[in-house]
Amino acid sequence: MSQNQDTTNRVVIETTDADGTRALGERLAALLRAGDLVMLSGGLGAGKTTLAQGVGAAMDVRGRVSSPTFIIARVHPALGDGPDLIHVDAYRLNTLEEIDALDLDSSLDESVTLVEWGDDKVEGLSQDRLEIDVTRPHGGLVDDGGTAEPGVTDLDGVDDGRRTVTVTALGPRWAEIDLSVLDS
């Protein structure tokens, strides 16, 4: 893994596989506390839920952290003394009324709220938030040495597990937090 940090509170981290992305989520969880809002963005299959799984594992919450696409929001109660994890998938939500109907602001203070696909939808919940963008390379990544048949695409090398994760911290809560601890 490598990271770059500039004058804004931002860090860019490279992971090499799903386990590395989950491990990053575990390190991220160590920085989180009740009241935190985390927004995850990235394309389909980028690794947002994989990162969320690491957060959930480190927070020691009940239930399997999986994509809440059809449920929209899932509460994972803490098994210990920590806060609950509220995992939201805003992909299917199109209006502010639909976001308001989830009533996320009523539980924000006592939980960690992690929202996938929350860009331009949940920023109003808190000026203090982490915006995390997960990206992956696209296209055939593995050089087969020219052994593939002409006209045949080998999907085995399309996704080699590498991810680029950009964490941007916004608001006074995060002003003095050293995000470089996420790169280990």
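Out of everything in region 111-122 that is part of a loop (DSSP other than H, G, I, E, B) and in contact (Cβ under 8 Å) with a residue 24 or more places away in the chain, what residue ends up being surrounded by the most Cβ atoms within 10 Å (Cβ to Cβ)? Reasoning before the result, please.
Applying the first criterion (part of a loop (DSSP other than H, G, I, E, B)) to region 111-122 yields 117-122.
Still in the list and also in contact (Cβ under 8 Å) with a residue 24 or more places away in the chain: 117-119, 121-122.
On the way: Trp117: 20, Gly118: 25, Asp119: 15, Lys121: 19, Val122: 23.
My answer is Gly118.
Hey, could you check region 37-48 for residues that are within 17 Å of Arg10 (Cβ to Cβ) and not polar (S, T, N, Q) and say which is surrounded by the fewest Cβ atoms within 10 Å (Cβ to Cβ)?
Selected residue: Gly42.
Return the residues of region 13-25 that are within 11 Å of the chain's Cα centre (by Cα) and either open to solvent by 40 Å² or more (accessible area, probe 1.4 Å) or touching a residue at least 40 places away in the same chain (Cβ under 8 Å) (or both); say none if nothing qualifies.
The answer is Thr21, Arg22, Leu24.
Considering (1) open to solvent by 50 Å² or more (accessible area, probe 1.4 Å); (2) under 24 Å from Ala175 (Cβ atoms); (3) within 12 Å of the chain's Cα centre (by Cα), say which one Ala30 fails and leave the rest.
Of everything listed in (1) open to solvent by 50 Å² or more (accessible area, probe 1.4 Å); (2) under 24 Å from Ala175 (Cβ atoms); (3) within 12 Å of the chain's Cα centre (by Cα), Ala30 misses just condition (3).
Checking Leu108 against (1) part of a loop (DSSP other than H, G, I, E, B); (2) modelled with pLDDT of 85 or more; (3) open to solvent by less than 70 Å² (accessible area, probe 1.4 Å), only one condition comes out false. Which one?
(1)
State all residues of region 87-100 that are open to solvent by 10 Å² or more (accessible area, probe 1.4 Å) and either in contact with a Ser or Thr (Cβ under 9 Å, 6 or more places away or on another chain) or not aliphatic (A, V, I, L, M) (or both); if no residue qualifies, say none.
Result: Tyr91, Arg92, Asn94, Thr95, Glu97, Glu98, Asp100.
Is it the case that some residue within region 123-146 is more than 13 Å from the chain's Cα centre (by Cα), at pLDDT 90 or above and part of a strand (DSSP E or B)?
Taking every residue of region 123-146 in turn, none turns out to be more than 13 Å from the chain's Cα centre (by Cα), at pLDDT 90 or above and part of a strand (DSSP E or B).
Looking at region 49-64 only, could you name the residues that are open to solvent by 10 Å² or more (accessible area, probe 1.4 Å) and under 12 Å from the mean Cα position of the chain (by Cα)?
Let us first name the residues in region 49-64 that are open to solvent by 10 Å² or more (accessible area, probe 1.4 Å), namely 49-50, 53, 57-64.
The answer is Thr49, Thr50, Gln53.
Applying the selection to region 75-100, what residues are of a type in the set (A, V, I, L, M) and under 15 Å from Val115 (Cα atoms)? Spell out the reasoning first.
Here is the first cut: in region 75-100, the ones of a type in the set (A, V, I, L, M) are 75, 78-79, 85-86, 88, 90, 93, 96, 99.
Val75, Leu85, Ile86, Val88, Ala90, Leu93, Leu96, Ile99 - these are the residues of region 75-100 that are of a type in the set (A, V, I, L, M) and under 15 Å from Val115 (Cα atoms).
Consider region 156-173. How many of its residues are under 13 Å from Ala46 (Cα atoms) and either at pLDDT below 95 or touching a Ser or Thr at 6+ places or on another chain (Cβ under 6 Å) (or both)?
Qualifying residue count for the region: 7.
Quick one: which of Pro68, Pro83 is of a type outside the set (A, V, I, L, M), open to solvent by less than 30 Å² (accessible area, probe 1.4 Å) and either touching a residue at least 60 places away in the same chain (Cβ under 8 Å) or at negative phi (or both)?
When all the criteria are applied, what remains is Pro68.
The values are calculated or read from the model by the stated rules, or taken from the named source; none is laboratory data. Quick caveat: nothing in here was measured; it's all calculated off a predicted structure. Virtual Cβ from ideal backbone geometry, glycine too; neighbours counted across all protein chains shown. All accessible areas refer to the heavy atoms of the entire protein, side chains included, with ligands and DNA or RNA removed. Shrake-Rupley method; radii C 1.70, N 1.55, O 1.52, S 1.80 Å.
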